[in-house]
Amino acid sequence: MNSKVSKGLTSVEILNQVIKAQDRQRRRYQSTDKNATISFETLKKLGNVSPKQMQLLEKCAQKQVWSNRVQVKILRLARTIADLNEEELVTEEALWEAMTYQRSPLTEKEGGVGVVL
């Protein structure tokens, strides 16, 4: 990961970051739900993703031929990256990082991996 969390931290420090991120998610959703299982509607409502970020994701999704399911996974991952970085809002950096982890159907057909933007 390129996030702030992974840079030079011990496993104990990373564990503490994960625990803090999980606590943040519990408070945000006021339940035991986590980013990984929350509904798309709730994620849009409470996940602090801007309309500009949604447009960016939709534009990339069209270009990369990502399904709606993939887009939801990317949003969930971006929200988690932001939580690990102790960010209240999903940052552009978190969204871009999440998108880089998604394989492109265009490159997968040729045996490659990664996102071609």
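Here are a few things to note about the model shown:
- Test result for Lys34, basic (Lys, Arg), outside any helix (DSSP H, G or I) and at pLDDT 90 or above: yes
- Listed by first and then second residue, the pairs linking a residue in region 23-44 that is more than 17 Å from Val72 (Cβ to Cβ) and touching a residue at least 40 places away in the same chain (Cβ under 8 Å) to a residue that is of a type outside the set (Asp, Glu) and surrounded by fewer than 17 Cβ atoms within 10 Å (Cβ to Cβ), with Cβ atoms under 7 Å apart and 6 or more places separating them unless they lie on different chains, form an empty list.
- Qualifying residue in region 26-44 (condition: in contact with a helix residue (DSSP H, G or I) (Cβ under 7 Å, 6 or more places away or on another chain), more than 15 Å from Ala98 (Cβ to Cβ) and surrounded by fewer than 13 Cβ atoms within 10 Å (Cβ to Cβ)): yes
- Inspection of region 5-16 finds no residue satisfying the criterion of being in contact with a Ser or Thr (Cβ under 9 Å, 6 or more places away or on another chain), part of a helix (DSSP H, G or I) and of a type in the set (D, E, K, R).
The values are calculated or read from the model by the stated rules, or taken from the named source; none is laboratory data. If you're wondering where the values come from, they're calculated on a predicted model, not measured in any experiment. Counting neighbours? That spans all protein chains shown, and the Cβs are built from the backbone with ideal geometry, glycine included.
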